[in-house]
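See below for the structure under consideration.
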Amino acid sequence: MSAAREKVAADRATSRPTGSVRAGSGRSVRFLVLWSTAMLLGLLGMVMVLSSSSVSDLRDYDDAWYHLRRQVVWVALGLAGLFTALRFDYRRLRHLARPGLILAVVLLVLVLIPGVGTRVNGSARWLGVRDVTFQPSEFAKLAVIVFGANLLANRSSGSTRLTLWPMLVVLIGVGGLVFLEPDLGTTVVLAAIVASLLFFAGLRLDALLVTGTVGLGLVAGMSMSASYRRDRLFSLFDPWNDPLNTGWQTIQAGVAISSGGLWGAGLGASRAKWGFLPFAQTDFIFAIVAEELGFLAAMAVILAYLVLGVMGLSTALRAPDRFGQLLAAGITSWILIQAFVNIGAVLGLLPITGVPLPFVSYGGSSTILSLTAFGILLNIARQTP
């Protein structure tokens, strides 16, 4: 009898840890894959920022390390935001949803005030002085995601009056201010983020399709509202029609990618960065990756974003509450949408919008905010069974 009891006790003792290890291992795998993939992309980004900007930095600043040193600072601040987001329960963000959105709107309004916003290349997108600037539209993306996740988590997905219309009001307000900067690319990204939130919240498909169709029509209208936007759009279909102006970046990016071949010309051996491809360290860094490291490396970068997407959506599906599900889905969608828009523009499949490649492109606001948002995603993944 005692032997039988000992056997039952042993079975129970071995069965309990097995289940907990399996649940914990799934959580650990998602967390580690998300963390390691993002860090590898960030490391690649710093290497490629140095490689793509060194020539122009030596010419313009007499310092080949100029952009890299700044990027190291941005990454350090972004990692500080990431670890801060990991230290507290993501549910506490619900109390910051409305104040965060209000702050984003105030900052976007300040950008448009002459003498307050910093204007570069005809666009007023920054706040700050001299070399220390901040782009409020990057903060607005995170603010819209947190606000939308909080709002949709509290309301029934079957009611368009309580879900669709409030989110459209937010999108029109925030997106309208971003469009006035003018920044159509970020406006489109914001619209896609809102659409993804509504989709994951369970909005009726017919309402989503009708809204999406109207939205595409509005984007087409906005694309035609200014001559430079029309030229960019038409150059997508035939960049050789104006090869020295609107088609220049698309053509040079294509030359860079094709020159890389399968294995690449070698790290640091890009020709495009010698003044042929403008903004090589920001909007077109993917072209430099393909030229120097080759087709296989470029495909590995795309695969890395797909891995982030799969793990991020897996986290969203298994998050312990509806707010966490929508928050994880929104952040994952933000990263994937922005990567899709950037790489699509570099490949000549989408119009050039100036949207950076997450974790890879040079940029202060985008690096800090994307890493901070990713910290929130990691926070949810750590609490997901």
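The values are calculated or read from the model by the stated rules, or taken from the named source; none is laboratory data. Bear in mind the structure is a predicted one, so any value in this text is a computation, not a measurement. Because the Cβ atoms are built from the backbone with ideal geometry, glycine has one as well, and the counts that use them run over all protein chains shown. SASA here: full protein model, heavy atoms, side chains in, ligands and nucleic acids out. Shrake-Rupley method; radii C 1.70, N 1.55, O 1.52, S 1.80 Å.
Please enumerate the residues belonging to region 31-52 that are β-branched (Val, Ile, Thr) and more than 20 Å from ALA253 (Cβ to Cβ). Spell out the reasoning first.
Just the residues of region 31-52 that are β-branched (Val, Ile, Thr), to begin with: 33, 37, 47, 49.
Residues satisfying the conditions are VAL33, THR37.
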Looking at THR163, THR133, THR84, which is the one that is surrounded by fewer than 16 Cβ atoms within 10 Å (Cβ to Cβ), hydroxyl-bearing (Ser, Thr, Tyr) and either farther than 27 Å from LEU377 by Cβ or modelled with pLDDT of 90 or more (or both)?
-> THR84
Answer with yes or no whether GLY294 is modelled with pLDDT of 95 or more and at positive phi.
-> yes
In the list GLY254, GLY217, which residue meets the criterion of being free of Cβ contacts under 8 Å to residues at least 40 places away in the same chain and in a helix (DSSP H, G or I)?
-> GLY217
Of the criteria (1) touching a residue at least 12 places away in the same chain (Cβ under 8 Å); (2) under 30 Å from SER54 (Cβ atoms); (3) part of a helix (DSSP H, G or I), which one MET299 fails | (1)
Scan region 74-93 for residues that are more than 20 Å from the chain's Cα centre (by Cα) and in a helix (DSSP H, G or I) and jot them down.
-> ARG87, ARG91, ARG92
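Taking ARG271 as the residue in question, decide whether it is closer than 27 Å to ALA149 by Cα and of a type in the set (Lys, Arg).
Numbers: closer than 27 Å to ALA149 by Cα: no; of a type in the set (Lys, Arg): yes.
Here the answer is no, as ARG271 does not meet what is asked.
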Give the residues of region 342-384 that are free of Cβ contacts under 8 Å to residues at least 60 places away in the same chain and in contact with a helix residue (DSSP H, G or I) (Cβ under 7 Å, 6 or more places away or on another chain), sorted by residue number.
-> ASN342, ILE343
Just a yes or no: is a residue in region 326-341 farther than 20 Å from GLY148 by Cβ, open to solvent by less than 20 Å² (accessible area, probe 1.4 Å) and in contact (Cβ under 8 Å) with a residue 24 or more places away in the chain?
-> yes
Quickly run through region 312-344 and pick out the residues that are within 14 Å of ILE302 (Cβ to Cβ), touching a Phe, Trp or Tyr at 6+ places or on another chain (Cβ under 9 Å) and not aromatic (Phe, Trp, Tyr).
-> ILE335, LEU336, ALA339, ASN342, ILE343
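Take THR246 and tell me if it is in contact with a helix residue (DSSP H, G or I) (Cβ under 7 Å, 6 or more places away or on another chain), open to solvent by less than 50 Å² (accessible area, probe 1.4 Å), in contact (Cβ under 8 Å) with a residue 12 or more places away in the chain and part of a loop (DSSP other than H, G, I, E, B).
Yes: the conditions hold for THR246.
So which residues in region 140-179 are of a type in the set (S, T, N, Q) and under 13 Å from LEU197 (Cα atoms), if there are any at all?
Across region 140-179, the qualifying residues are ASN150, SER157, THR163.
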Of the residues in region 275-325 that are open to solvent by less than 30 Å² (accessible area, probe 1.4 Å) and of a type in the set (Phe, Trp, Tyr), the one that is farthest from GLY42 (Cα to Cα) is PHE323
